[in-house]
Amino acid sequence: MTQWPRGLAGYVSSGPADEEPSPEEDRTANRLKLAGRLLSVLRSQGRDVDREVRELTEAEAAFARGDKRLATRLVDQLFADVDERPREAAPRTDTP
């Protein structure tokens, strides 16, 4: 889901294979959306994501300015940072 979708089995692009992808298929734009959703989930779990939200805001601003290269680098780094976070154990639901 986080990578370029055209390589997935069964994926059908909305245009010819050698054509520039539509905005809906843009890898960086989709990764920015995915990062925003991931941070929303982490925040809903009570985790502090303020730093990551600032990083995402910077990546979104770069993308909006047309600096896709910087936006891609920033969102890739954001995913790496989130991936390196310590995992929190899920709360236990079984009570003795």
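The values are calculated or read from the model by the stated rules, or taken from the named source; none is laboratory data. The structure displayed is predicted, hence computed values, not measured ones. Cβ placement follows ideal geometry from the backbone for every residue including glycine, while neighbour counts extend to all protein chains displayed.
Quick look at the numbers
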item	result
Selection from the range 47-80 of residues that are more than 19 Å from Arg27 (Cα to Cα) and either part of a helix (DSSP H, G or I) or modelled with pLDDT of 95 or more (or both)	Asp50, Arg51, Glu52, Val53, Arg54
Residue in the range 25-34 that is under 19 Å from Arg85 (Cβ atoms) and without any contact (Cβ under 8 Å) to a residue 12 or more places away in the chain present	no
Within the range 37-60, considering residues that are under 19 Å from Arg87 (Cα atoms) and either touching a helix residue (DSSP H, G or I) at 6+ places or on another chain (Cβ under 7 Å) or of a type in the set (Val, Ile, Thr) (or both), the one surrounded by the fewest Cβ atoms within 10 Å (Cβ to Cβ)	Val41
Filtered residues of the range 1-46 (kept if small (Gly, Ala, Ser), under 26 Å from Arg65 (Cβ atoms) and at pLDDT 80 or above)	Ala29, Ala35, Gly36, Ser40
Members of the range 40-57 found to be charged (D, E, K, R) and within 19 Å of Asp76 (Cα to Cα), listed by number	Asp50, Arg51, Glu52, Arg54, Glu55
